[in-house]
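Before any comments, here is the structure.
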Amino acid sequence: MPIIAIDGPAAAGKGTLSKRIAAEYGLHHLDTGLTYRATAKALLDAGLPLDDEAVAAEMALKVDLAGLDRSVLAVHEIGEAASKIAVMTPVRKALVEAQRRFAAKQPGTVLDGRDIGTVVCPGADVKLYVIASPEVRAKRRYDEIIASGKDADYAQVLADVRLRDERDMGRADSPLKPADDAHLIDTSNLSIEEAFQAAKTMIDKVLK
Ligand code: C5P
């Protein structure tokens with residue numbers, strides 16, 4: 001019953017890669033960023049503050065993993081709010097517990113996020129750490145926004161990417177970092193297909 005952990009910063013290509021891997025190996029997939037986003041959205045919708053740990057943790061306990069929808073949760077403000085509440089230990093505790101229950105599902109799972117290989121599933125069979133330069137990640141985000149018909153400023157998107165990195169890597173509880181036994185995939189100069197093939201080679205070595 002394999003568990004595949006995929007971590008890395010925002011817009012490095014984890015999401016696309018994780019979905020491809022889950023489909024290839026017939027595994028369940030959880031984008032754990034959505035659990036933080038769903039908690040943040042619930043707080044915003046209820047007009048509750050983003051700086052009250054007890055209130056945020058209570059919301060985190062109510063998140064339903066079956067109802068997570070990236071198309072609703074993708075907006076920038078929700079991502080920002082998510083990274084703010086993600087520094088709170090009681091929030092992380094509640095969400096990590098739900099993520100671990102998901103990880104135990106048969107016939108195996110792929111989880112992607114920031115702390116899967118280090119905290120949520122330290123015993124995962126395969127750990128991938130997906131990175132790309134901040135400039136490449138900002139360009140991908142920028143292109144996505146333009147493609148969706150909205151307006152964007154590349155310099156602002158790059159500043160946002162750097163700010164998110166700083167918050168995710170700098171927090172005390174479960175900072176974003178590669179597990180000691182993670183395989184690094186730098187997607188800066190890779191197509192989606194090339195990144196997938198690199199991941200598949202690493203996974204096949206372990207699973208076969
Ligand atoms: O990956 P995504 O951008 O959807 O994640 C939103 C925020 O949730 C991240 O910036 C991060 O602060 C937080 N997060 C986390 N741990 C995870 C997944 C996401 O702290 N495993």
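The numbers here are math on the coordinates, done by the rules we state, and not lab data. Remember, it's a predicted structure, so these values are computed and weren't measured experimentally. When we count neighbours, we look across all protein chains shown, and the Cβ atoms used for this are built from the backbone with ideal geometry, even at glycine.
Among the candidates GLU80, GLU24, single out the residue that is assigned to a helix (DSSP H, G or I) and within 13 Å of the ligand (Cβ to nearest atom). Let's see the steps before the verdict.
Values: GLU24 fails: within 13 Å of the ligand (Cβ to nearest atom).
None of the others qualify; the one that does is GLU80.
Could you grab me the full set of residues in the stretch 166-196 that are surrounded by fewer than 18 Cβ atoms within 10 Å (Cβ to Cβ), acidic (Asp, Glu) and within 13 Å of the ligand (Cβ to nearest atom)?
Within the stretch 166-196, GLU166, ASP173 qualify.
Can you go through ALA94, ALA104 and tell me which one is among the aliphatic types (A, V, I, L, M), surrounded by fewer than 19 Cβ atoms within 10 Å (Cβ to Cβ) and either over 23 Å from ASP160 (Cβ atoms) or in contact with a helix residue (DSSP H, G or I) (Cβ under 8 Å, 6 or more places away or on another chain) (or both)? So that I can check it myself, show each step before the final result.
Values: ALA94 fails: surrounded by fewer than 19 Cβ atoms within 10 Å (Cβ to Cβ).
Only one candidate qualifies: ALA104.
Tell me, which residue of the stretch 142-165 that is within 13 Å of the ligand (Cβ to nearest atom) and in contact (Cβ under 8 Å) with a residue 24 or more places away in the chain is surrounded by the most Cβ atoms within 10 Å (Cβ to Cβ)? So that I can check it myself, show each step before the final result.
At the first step, the residues of the stretch 142-165 found to be within 13 Å of the ligand (Cβ to nearest atom) are 144, 160-165.
Now restrict to residues that are in contact (Cβ under 8 Å) with a residue 24 or more places away in the chain: 160-162, 164-165.
Working: ASP160: 18, VAL161: 24, ARG162: 14, ARG164: 20, ASP165: 16.
Only one residue fits best here, namely VAL161.
Go through the stretch 109-133 residue by residue and tally those that are farther than 30 Å from MET1 by Cβ and surrounded by 19 or more Cβ atoms within 10 Å (Cβ to Cβ).
Step one: of the stretch 109-133, the residues farther than 30 Å from MET1 by Cβ are 132-133.
Subsequent filtering for residues that are surrounded by 19 or more Cβ atoms within 10 Å (Cβ to Cβ) retains 132.
Count: 1.
Being touching a residue at least 40 places away in the same chain (Cβ under 8 Å), away from the ligand (no atom under 16 Å from the Cβ) and within 15 Å of GLY8 (Cβ to Cβ) narrows it down to one residue among ALA199, ALA124; which is it? Walk me through how you get there before you give the answer.
Working: ALA124 fails: away from the ligand (no atom under 16 Å from the Cβ).
Going through ALA199, ALA124 in turn, the sole match is ALA199.
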